[in-house]
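One structure is given below, encoded as structure tokens.
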Amino acid sequence: MSNVLYDQPGPRARRRNLIGAVVAGVLLLALVALVLRKLAAEGQFDMELWGPLIDPSTDEFPLVWGLIRQGLTATLVAAGLAIVFSLLLGTGLGMLRMMLGKYSRTPVVVWIELFRGLPVIVTIFYVYTFIRSQRIDIGFLPGDDGLWFVVIGLTLYNSVIIAEILRAGVASLPRGQAEAGLAIGMTPRQTMLTVQLPQAFRTMLPALISQLVVILKDTSLAAILALYTELLRRGNLISLNLDNPIQVLFVIGLIFIVINYLLSKLAEFTERRLSRSGVKPLAADTSAVPAT
Amino acid sequence: MDAVFDNLDLYWSGFLRSLGICLWAMVGSLLLGTVIAVCRVSPNPALRAFGAAWVTVVRNCPLTVVLFFFAFGLPTIGINYSYYVFGVSALVVYTSAFVCEALRSGINAVSAGQAEAARAIGLTFTQTLSSVILPQAFRSSIPPVGSVLIAMFKNSAVVGAFGVGRDLWSVGKRLSSAQGYDALPVFTGVAVGYLVITLTASALLALAERKVAIVR
């Protein structure tokens with residue numbers, strides 16, 4: 001492979017690379033072996049610790065996986081609600097920011113900058129504190145109060161991000177699109193709604209899917225605040241009972257990684273599809289910016 | 001707002017402690033991220049596979065899971081440190097994957113023609129890297145690395161909320177529960193503390209971006 005850093009390797013470089021690969025491979029394997037030996041020495045491979053997670057014949061197995069399934073459902077519900085609300089609120093915010101005048105949009109800009117700058121975990125906890133201390137009754141909403149603290153907190157943060165993605169999406173359209181809309185006599189609002197937004201949503205699709213990864217990861221913040229029993233908190237409770245945090249966290253981490261990996265592949269796939277059909281998509285890789 | 005103004009000194013010391021977490025994690029994640037990035041772009045397939053695996057695993061795993069793994073997992077195999085050390089380590093491990101990707105995008109932003117030109121005029125491999133490619137790559141990775149670091153500053157609140165003691169978050173907890181102040185103003189103070197960190201960092205980044213921006 002040739003890239004900006006080095007040229008197509010010749011015979012000598014290929015030999016050197018091969019030797020280097022073998023040496024590095026052996027060293028890495030040795031490192032893995034060292035870690036595994038340490039784990040084995042501490043008895044971390046005992047069936048007593050793993051059994052409830054991988055051996056269907058144990059009594060705990062169905063119970064543990066039932067709980068994990070509950071936790072996963074809770075995570076997916078929170079993430080799903082958060083993405084839907086974020087999309088709605090984010091579209092509204094983005095349109096307000098784009099369509100209001102230079103001065104009248106100041107409050108919207110302040111709102112966006114405020115929630116973009118706040119750590120999500122602070123936002124979630126602040127929502128909780130605010131609702132509790134103002135004695136606002138959110139009992140009419142379906143589900144636990146905890147779910148809604150998380151969903152509202154995540155929505156406040158992610159709607160702002162989506163508003164900014166939307167703005168970038170509209171900005172990436174050729175100027176002629178809006179001009180054509182205006183030229184045939186549509187109002188600026190009609191142009192936005194019927195010409196620019198539909199196209200912007202298409203270019204945004206990969207970035208939106210990536211944002212879903214961010215939201216999924218952020219639901220686990222509830223585990224730290226102990227507000228809502230999603231997947232990670234459920235796992236934590238299980239490991240307190242079974243006294244096997246490494247094993248349970250391994251499984252929980254694996255579930256997150258698999259789901260998020262598939263989602264990011266989906267984002268890349270839609271990005272490729274879109275660019276093949278002639279739309280210039282926004283990069284899927286907003287995940288270059290770490291979420292929690 | 002008396003709760004905040006009566007305890008400004010407490011807030012200040014908590015702010016400094018939180019800032020300390022950010023700075024340690026920044027140094028650590030830049031170092032580790034660079035190492036991983038070097039692995040990912042090296043001609044050595046074993047190192048490349050390691051770098052790719054690291055990025056895939058760490059980037060798709062929530063910071064909270066990494067943090068719990070450090071704080072609850074490691075003590076069970078006899079590795080015991082304070083939550084401060086575990087918290088900063090988790091932040092470093094988590095952020096390193098994103099730093100790696102940001103650096104890589106900086107390298108990829110340098111067009112291949114630059115390297116070809118450098119080789120064509122007879123520069124050696126080391127000269128090509130040190131005087132043509134890396135200076136450009138460094139400049140074009142400042143914006144992405146900057147936004148990764150800002151996101152990391154925000155994530156440091158997760159470590160704070162987990163409980164490292166004496167930081168902004170603990171100050172908030174202490175004032176609202178132990179000293180019985182009203183929680184809302186207390187946590188408004190905490191939020192402002194974090195905003196000061198992230199907004200200052202954003203402003204500094206914007207400044208740096210203008211300074212090093214390359215018009216391609």
Residue (of A:V4, A:L154, A:N244) at the positive-pole extreme of the protein assembly as shown, dipole from beta-carbon charges: A:V4
Normalised convex hull volume, segment B:65-148, alpha-carbon set, Å³ per residue: 118 Å³
Dimensions in Å of chain A - Rg and Dmax from alpha carbons: 24.5, 77
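In nm², what is the average projected area of the convex hull enclosing the Cα atoms of the protein assembly as shown?
Working: hull surface 114.8 nm².
Quarter of the Cα hull surface area: 28.7 nm².
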Computed over segment A:21-101, the ratio Rg/Rh where both radii use C-alpha atoms and Rh is Kirkwood: 1.34
Chain A: DSSP helices with Cα axial extent of at least 20 Å and average Kyte-Doolittle hydropathy no lower than 0.0: A:11-41, A:60-99, A:145-171, A:197-219, A:245-276
Qualifying lysines (Cα of each under 25 Å from Cα of A:K280; at least 8 residues distant if same chain): A:K265
Centre separation in Å (Cα based) which lies between segment B:1-29 and segment A:111-138: 20 Å
Charge dipole (chain B, unit charges on Cβ, about Cα centre) - positive-most of B:A53, B:V66, B:G189: B:A53
Under the span-like rule (Cα at least 30 Å along the axis, Kyte-Doolittle mean at least 1.0), DSSP H helices of chain B: B:8-41, B:83-109, B:183-212
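Can you give the translational diffusion coefficient of segment B:2-215 in µm²/s, computed by Stokes-Einstein from the Kirkwood radius over Cα pairs at 10 °C and 1.306 mPa s?
Details: Rh = 19.2 Å.
D, rounded to a whole number, is 83 µm²/s.
If we count other beta carbons within 10 Å of each Cβ, what is the order of A:S57, B:S18, A:S104, fewest first?
A:S57, A:S104, B:S18
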Order of B:K211, A:K102 under a 10 Å beta carbon neighbour criterion, fewest first: A:K102, B:K211
About the Cα centre, charge dipole magnitude for segment B:2-215 (Lys/Arg +1, Asp/Glu -1 at Cβ), debye: 580 debye
Calculated over segment A:81-195: convex hull of Cα atoms, volume per residue (Å³): 123 Å³
Computed E for B:F125/A:V35 - FRET, C-beta separation, R0 25 angstrom, nearest 0.05: 0.15
Cα-centred dipole magnitude for the protein assembly as shown, charges only on beta-carbon of K, R (+1) and D, E (-1), debye, nearest 20: 1960 debye
Distance from segment B:160-216 to segment A:52-87 (C-alpha centre basis), Å: 33 Å
Relative contact order %, chain A, counting alpha carbon pairs below 8 Å whose residues are six or more apart: 22 percent
Reachable aspartates and glutamates, given that their alpha-carbon falls under 19 Å from the alpha-carbon of A:K217 and they are not under 8 places away in the same chain: A:E230, A:E268, A:D285, B:E101
Positive-pole candidate from B:F138, B:A97, B:A157, dipole of segment B:35-174, charges at beta carbon: B:A157
Shielding of A:123-133 by partner chains, average beta-carbon count, 10 Å: 4
Approximate shape of segment A:1-157 as ellipsoid semi-axes (Cα gyration tensor, √5λ), whole Å, largest first: 47, 34, 14
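So if I place +1 on the C-beta of Lys and Arg and -1 on the C-beta of Asp and Glu, and nothing else carries charge, what would the dipole magnitude of chain A be about its Cα centre? I want it in debye, nearest 20.
With only Lys, Arg, Asp and Glu charged at Cβ, the dipole is about 1480 debye.
No lab work stands behind these numbers, since they all come straight from the coordinates. These figures come from a predicted structure and were not determined experimentally. Positions of Cβ are backbone-derived with ideal geometry, glycine not excepted, and every protein chain shown enters the neighbour counts.
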